[in-house]
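Presented below is the structure to which this report refers.
Throughout, read-outs are computed from the coordinates displayed, never taken from laboratory work. Note that the structure is predicted; figures quoted are calculated from it, not measured. Here the Cβ is made from the backbone with ideal geometry for all residues, glycine too, and neighbour counts use every protein chain on show.
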Amino acid sequence: MDATIVILDGDGIGPEVTAEAKKILAAVAERFGHNFVFNHQLIGGCAIDQFGVSLPEKTVEAAEDADAALLGAVGGPKWDAPSSPDRPERGVLELRKTLDLFANLRPVKLHPQLVSASTIKEETLVGVDLLVVRELTGGVYFGPRKEADDDFEAYDTMLYTRPEIERVVRLAAESALGRRRRLTSVDKANVLASSRLWRSVATDALADYPQLDVDHILVDAMAMHLIRRPADFDVIVAGNLFGDILTDEASMLAGSMGMLPSASLGDMRNRHSLPLGLYEPIHGSAPDIAGQGIANPLAAILSNAMLLRHSLGLEKEAAAIEAAVDAVLEEGVRTPDIKQKGAETVSTEVMGNLVVEMLKSNPDNQDVERAQ
Ligand SMILES: NC(=O)c1ccc[n+]([C@@H]2O[C@H](COP(=O)([O-])OP(=O)(O)OC[C@H]3O[C@@H](n4cnc5c(N)ncnc54)[C@H](O)[C@@H]3O)[C@@H](O)[C@H]2O)c1
């Protein structure tokens, strides 16, 4: 298959993890006989430095013309001044909005090898396999706002419309049909008007899915249930802010932020008539460890697997990446964020190289069959 993939390194550890992710894509192309063209573009702080804006027009055009895009992460203290006319994070938000990527799929799967990396008790983690579907182009991140220009008053508005809620709830319901058929809709309907609309729309839409076991949970209680009984959940659908916070919390079920990939999808189609998606680890630019070569690249690498599956329809290749990651973890290879007591750790680059080696050393595809 021929495919063009836009690579958006971003800032901080962004370029460190996308460098490894790109190696994996190149190894997949070689092993399975595909032709992937990589188109590097700027977004975030590096784009502000070079072009004065966090989302250059060239980047948008490249993403629109591509089959998929892979993003590292953006942001950092250098661009954090409240008076800045533009911010790195605005670039990512605008790209998601421009491509109308309204659903952010965040699978949270515990790799059994990482049970001890989690801060949560082993017996609570058994069976954790959930998918958070986060609404991505609405809610408080996009509603009317006022900066505290007068240093006194500022506000953000959580605004949702019926169609915005309905499309993401339906997408989550369709995902649940292909999984364990449980769907939890999260809101704050006891306090927020936008959440009362969310609950009403979700209830109406989910009436079309009698096969699903549906419940509605308030976000504050959900934060507790996610840690107390995470294995009970299958698909969780939530608004932009709630989904963002809950998935950072859920990352600890998987051991580290460095383990969670994501796919942002909408209705746009690429030249293969598949969803044009933006794929990124859920973590940020991690300025505290940037430049040290110790970031975990597995979330970015696993985002590639989602890219191949959703935007290119390459299921076997996606499973090969996931199997290679599992095999490397099985061998005890760890970056510092998932390190085992007393064990040695490897750098970002070594982790990437070992996943590539694992991918290449399995010509018979046995790992893929095992993973399926
Ligand atoms: N989509 C994005 O680009 C995105 C998402 C979230 C945050 N951000 C930005 O990132 C910057 C830093 O934010 P933050 O510190 O709150 O969140 P963060 O996700 O960057 O980091 C949180 C913690 O997790 C650790 N961590 C994150 N990714 C890791 C990895 N791959 N390997 C090992 N450890 C990892 C970091 O070292 C840090 O201790 C901010 O500017 C924020 O706006 C960007």
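Remark: relative contact order (segment 269-372) = 28 percent; criterion is Cα-Cα distance under 8 angstrom and separation of 6 or more residues.
How would you rank 242-252, 296-306, highest first, on the average number of other Cβ atoms within 10 Å across their residues? If you can, show how the numbers build up before the last one.
Details: 242-252: 20.4, 296-306: 27.5.
Going by the mean number of other Cβ atoms within 10 Å, highest first, we get 296-306, 242-252.
Sorted largest first, the principal axis extents computed over the alpha-carbon atoms of segment 119-253 equal 51, 39, 23 Å. Residues whose amide H lies under 5 Å from that of residue 40, counting only those 5 or more places away or on a different chain, are 7; hydrogens are built 1.01 Å from N in the peptide plane. Working note: 222 nm ellipticity from helices only, DSSP H runs with n ≥ 4, each -39,500 (n - 2.57), summed and divided by the residues of the chain, gives -12500 deg cm²/dmol to the nearest 500. Taking θ as phi - 60° and the Karplus parameters 6.51, -1.76 and 1.60, the scalar couplings of segment 152-168 work out to 10, 10, 8, 8, 10, 10, 8, 10, 10, 10, 3, x, 4, 6, 4, 5, 6 Hz in sequence order, x denoting glycine and proline. Between residue 190 and residue 38, the distance separating the two model label sites (each 7 Å from Cα on the Cα→Cβ line) works out to 5.0 nm. Under 20 Å of direct C-alpha separation, and excluding same-chain neighbours fewer than eight residues apart, residue 339 reaches these lysines: 109, 121. Taken along its principal axes, the alpha carbon cloud of segment 232-372 reaches lengths of 47, 41, 35 Å, longest axis first.
Using 0.36 nm per residue of separation minus the Cα-Cα distance, give me the extension gain between residue 288 and residue 116 in nm, one decimal.
59.6 nm
Projecting the Cα atoms of 245, 140, 125 onto the charge dipole of segment 119-253 (Cβ charges, centred on the Cα centre) puts 125 farthest toward the positive pole. In this structure, the amide hydrogen of residue 216, modeled 1.01 Å from its nitrogen in the peptide plane, lies closer than 5 angstrom to those of 185, counting only residues at least 5 positions away or on a different chain. In this simple spin-label model, placing a label point 7 Å from the Cα along the Cα-to-Cβ direction at both residue 316 and residue 81 gives a separation of 5.5 nm.
Of the residues 85, 38, 52, the one whose Cα sits farthest toward the positive end of the charge dipole of the chain, with +1 on the Cβ of Lys and Arg and -1 on the Cβ of Asp and Glu, is 38.
Relative contact order for the chain: 21 percent, from Cα pairs under 8 Å spaced at least 6 residues apart, divided by residue count. Measuring from centroid to centroid over Cα atoms, what is the spacing of segment 266-304 and segment 162-208 in Å? About 26 Å separates the Cα centre of segment 266-304 from the one of segment 162-208.
As a length-normalised measure over Cα pairs under 8 Å and 6 or more apart, the relative contact order of segment 119-253 settles at 39 percent.
Under a 5 Å amide H cut-off, with hydrogens placed 1.01 Å from N, residue 132 pairs with 106, 108, 236 among residues at least 5 apart or on other chains.
The gain in end-to-end length when the residue 174 to residue 150 segment is fully stretched comes to 4.0 nm, 0.36 nm per residue minus the alpha carbon separation. Placing unit charges on the Cβ atoms of the charged side chains and taking the dipole of the chain about its Cα centre, the candidate lying farthest along the positive direction among 103, 297, 6 is 103. In order along segment 86-95, the phi-based Karplus estimate (6.51 cos²θ - 1.76 cosθ + 1.60, θ = phi - 60°) of 3J(HN,Hα) comes to 9, 9, x, 5, 4, x, 5, 4, 5, 5 Hz; Gly and Pro are listed as x. Per-residue 3J(HN,Hα) values for segment 246-252, derived from phi via the Karplus relation 6.51 cos²θ - 1.76 cosθ + 1.60 with θ = phi - 60°, read 4, 6, 5, 5, 5, 4, 6 Hz in sequence order (x marks Gly and Pro).
Comparing 267, 129, 208 in a Gaussian network model of the chain (Cα springs below 10 Å), the most mobile by mean-square fluctuation is 208.
If you take every DSSP beta bridge whose two residues both sit in the chain, what share of them, in percent to the nearest 5, is antiparallel? Present the calculation step by step, with values, prior to reporting the outcome.
Working: 15 of 43 bridges.
Of all bridge pairs located within the chain, approximately 35 percent are antiparallel.
Each label was represented as a point 7 Å from its Cα along the Cα-to-Cβ direction; for residue 268 and residue 340 these points are 4.3 nm apart.
The ellipsoid equivalent to the alpha-carbon distribution of the chain has semi-axes of 30, 26, 21 angstrom, derived from the gyration tensor eigenvalues as √(5λ) and listed largest first.
Rounded to the nearest 5, what % of the DSSP beta bridges within segment 119-253 are antiparallel ones?
Once the DSSP bridges in segment 119-253 are tallied, antiparallel ones form about 15 percent.
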